Amino acid sequence: MTRPPRWDRGPTNHGLDIPPTMRPATNKTPRAHASFLHRLSQHRAIRVTTEGTRFLLLTLAVGIAAVNTGNNLFYLLLAMMLSLIVLSGLLSEQCVRRLDFHRHLPDSLFVNQSTVATLWIANHKAHVPSVSLRILDVVAGQDHDRGIHITHLAPGASTLRSYSLLAQRRGQYHLEGIRVITPFPFGLFQKKAFYPCEATLLVCPAIIPLPPLRLQELHSVGHEQALARRGPGTALYNLREFRPGDDSRAIHWLTTARTAKLIVKETEAEDQHMITLAVLTVCPDEHEHTFERTLSIAASLIDYYVKRGVRLRLLLGDQQNLLADGEDQLRDLFHALALCERRPVTASASVHQAMALGLTNSEEGPIIWLSPWTDAACAEALPAIDLMLTPQTHKDLFDAAGSGLPA
């Protein structure tokens, strides 16, 4: 004889027949609590201060005295001291809860060049203020103190704090989050809370001062190969018909009278020419500091030429081929240098071949070759170079220490 289902066998649960699908899943509650405690333990930490250590030892001594003597006064004192420990944990937890952070960072920064970052901090608690907060950046698992201290942040209030940001390594600078520390209320413990607030910055190579003799050499490069380009100047570049939005002062009246049409005069930009900067990315492991110094020299040359109105083409090994025709495009070249990877010596032949092809197909203009290391066998395949910068030919540029290793 087949037995009926369990929920059909007579009244249960005080006379109510409840199917299994409608019964409360009581076994999920402990799991939910365990998951919450696990997440909380990942983002919380407590450090006992010097005063806290003394207080705990004193509490232990009072507890031992209470057990040995049975004196009710000792038990009362022990209960008060334990309640202070519990109260300290509860109040400090309230201080670091329900905070919100947003960073405002620049698009990029340079090695060893300080920049300003801004941090927005908000307290989303309705009734409890946050007191005695210290804010730290977390970078690669390490806490970095930025000197941000908040004495009191009222419920529902927010504040904006600025701090200096300095990077010493080229490459990607990854900020993982914010660490909040408070000793409130008694200074016995330091409660730490971690808030994920990820951000990534590109750290460009340091721009170094160029020697005056080298500046004269660089200034003379390419002047004999100047290219005619439209721009501010006095020489005539072109005549064309007037278009809406053109400056009426640029109308060429003689040609306008002869053709019976409004003709505008365009001038030729003064001292405009094109320069190709080719940076060899092949370098042995033992010359890594020289490679970083080479990228700093490249960044300095880019800054020098582009800010003087020179069109510059950057050939970065076999990785990048970028053109800057004004200061608006400087950032792209600096970012390419920030992400540049050093190639091993075994790739020398392929990199030289790719660069030789790129230089052969380049536009008219002088070529500056910047190399941290010389491979005579592969260098023979290169086209004519107007200026070669290497540790052997320009020792004064390469002598200083490198601008930092890639991050």
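Values computed for the structure shown
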| quantity | calculated |
| --- | --- |
| Meets criteria (out of contact with any helix residue (DSSP H, G or I) (no Cβ under 7 Å at 6 or more places or on another chain), surrounded by 14 or more Cβ atoms within 10 Å (Cβ to Cβ), modelled with pLDDT under 80 and farther than 30 Å from residue 348 by Cβ) for residue 224 | no |
| Subset of segment 227-277 that is among the aromatic types (Phe, Trp, Tyr) and modelled with pLDDT of 80 or more - its residue that is nearest to residue 337 (Cα to Cα) | 242 |
| Filtered residue count, segment 324-368, keeping only those that are under 26 Å from residue 303 (Cβ atoms) and not in a loop (DSSP other than H, G, I, E, B) | 21 |
| Residue within segment 136-145 that is in a strand (DSSP E or B) and under 24 Å from residue 295 (Cα atoms) present | no |
| Candidates 57, 90, 40, filtered to the one that is exposed (fewer than 12 other Cβ atoms within 10 Å of the Cβ) and modelled with pLDDT of 95 or more | 57 |
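The values are calculated or read from the model by the stated rules, or taken from the named source; none is laboratory data. The structure displayed is predicted, hence computed values, not measured ones. As a convention, Cβ positions derive from the backbone with ideal geometry for all residues, glycine included, and neighbour counts pool all protein chains shown.
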